[in-house]
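Trainee: Supplied in structure tokens, the structure appears directly below.
Derivation of every value follows stated rules applied to the coordinates shown; laboratory data play no part. Nothing here was measured: the structure is a model prediction, and the numbers come from that model. Cβ atoms come from the backbone with ideal geometry, glycine included; neighbour counts cover every protein chain shown.
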Amino acid sequence: MNYLTLLTLFPKKINVTFVDATSNQVLSKRKILKEDLPEVFDKPTVLTLDNEAWQVLDAHPVSGDDFHYSKKLTLKVQRKEEFDKLNQRSLVPTISGISTTINGFAPTQWMQLQFLPVDMMPALEHDLSAITAILESGNNLIGYPSVYERNRSLNSLAISLKAFLELINVKDVENSGDYFIAESNGYSYYGIVENGVISSLALRRFEYVDDEFSLLTERFQLMLVDWCNGSVIGL
């Protein structure tokens with residue numbers, strides 16, 4: 001039996017100790033797959049314990065390079081509900097300066113994974129540099145010291161809604177006339193639409209590039225801007 005087979009049968013797990021930051025008592029000790037933990041605890045992180053959300057306040061060690069090797073990680077956590085009441089920092093480094101037009105989207109979620117034309121890349125350099133500066137300002141596990149507001153038009157695209165839905169093999173779609181939400185096998189899309197033409201397009205979440213993503217970006221010459229990570233995918 002080779003090494004890769006062993007890894008498949010016995011995937012690497014990290015021994016994680018959760019400590020309540022309020023009482024300083026151990027909440028739980030668990031074995032967690034390393035793939036289910038961040039590579040580095042350097043930005044706001046929420047983990048779920050017994051169906052309850054906990055905000056990570058401190059990690060030891062911080063880097064996966066260390067806890068992947070030692071197989072040990074200690075996390076000091078606080079109930080997210082309590083954390084949100086006391087926290088004065090932003091949990092995202094940037095927000096759109098143009099308010100959401102779709103119910104159910106908080107300002108911190110709106111247009112954070114945004115599709116834009118590839119030829120707009122030079123115009124984004126200033127925004128991305130400003131966001132990167134915030135991301136690199138230190139360990140931001142409990143929030144960011146400032147928030148960069150993007151004042152970019154939401155009328156950057158001109159894509160036929162019909163052509164878009166056909167391309168992604170849509171499973172479910174909600175179209176109110178001025179916005180739409182669409183589900184495919186791999187993604188959850190949303191955007192602004194007028195007279196059957198998409199002017200803004202975004203994802204609720206993104207994990208990896210697949211055939212659908214590649215087909216979409218190539219067909220309409222798009223890139224995905226991950227604003228909260230100051231990065232661009234699909235170029």
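Trainee: Label points 7 Å out from Cα along the Cβ direction at Ser231 and Glu149: separation in nm?
Mentor: 2.8
Trainee: Rounded to the nearest 5, what % of the DSSP beta bridges within the chain are antiparallel ones? Write out the running numbers ahead of the final one.
Mentor: Values: 46 of 55 bridges.
Counting DSSP beta bridges with both partners in the chain, the antiparallel share is about 85 percent.
Trainee: Give me the count of lysine pairs in the chain whose alpha carbons sit under 14 angstrom apart, restricted to pairs 8 or more positions apart or on different chains.
Mentor: Close lysine pairs under the 14 Å cut-off: 17.
Trainee: Follow-up. Figure the gain on full extension for Arg79 and Ala133 (residue separation times 0.36 nm, minus the Cα-Cα span) and round it to one decimal in nm. Write out the running numbers ahead of the final one.
Mentor: Working: separation 54, 0.36 × 54 = 19.44 nm, distance 2.91 nm.
Here the answer is 16.5 nm.
Trainee: Here is a follow-up. Rank the residues Lys76, Lys29 as a footprinting-exposure proxy: fewest other Cβ atoms within 10 Å of their Cβ go first.
Mentor: Values: Lys76 20, Lys29 10.
Arranged by neighbour count, lowest to highest, Lys76, Lys29 become Lys29, Lys76.
Trainee: For the chain, what is the mean residue ellipticity at 222 nm derived from helices alone (per DSSP H run of n ≥ 4: -39500 (n - 2.57); sum divided by total residues; nearest 500 deg cm²/dmol)? Walk me through the numbers on the way to the answer.
Mentor: Numbers: 6 runs with 53 residues, N = 235.
So the calculated ellipticity at 222 nm is -6500 deg cm²/dmol.
Trainee: Of the peptides 21-28, 139-146, how do they stack up when ordered by the mean number of other Cβ atoms within 10 Å, highest first? Write down the numbers at each step before the final one.
Mentor: Numbers: 21-28: 12.2, 139-146: 16.1.
Packing proxy ranking, top to bottom: 139-146, 21-28.
Trainee: Relative to the longest principal axis of the C-alpha atoms of the chain, give the angle of the C-alpha long axis of helix 211-220, reported between 0 and 90° and rounded to the nearest 10°.
Mentor: The angle comes out at about 40 degrees.
Trainee: Go through segment 31-37 residue by residue and turn each phi into a ³J(HN,Hα) via Karplus (6.51, -1.76, 1.60, θ = phi - 60°); whole Hz please, and just put x for glycine and proline.
Mentor: Each residue's phi maps through the Karplus curve to give 9, 10, 4, 4, 5, 8, 10 Hz.
Trainee: Does segment 64-112 classify as rounded, prolate or oblate by the C-alpha gyration tensor (a ≥ b ≥ c root eigenvalues; a/c under 1.5 gives rounded; else a/b over b/c gives prolate, otherwise oblate)?
Mentor: On the way: a/c = 3.24, a/b = 1.97, b/c = 1.64.
Prolate shape, in that a/c is at least 1.5 and a/b is the bigger ratio.
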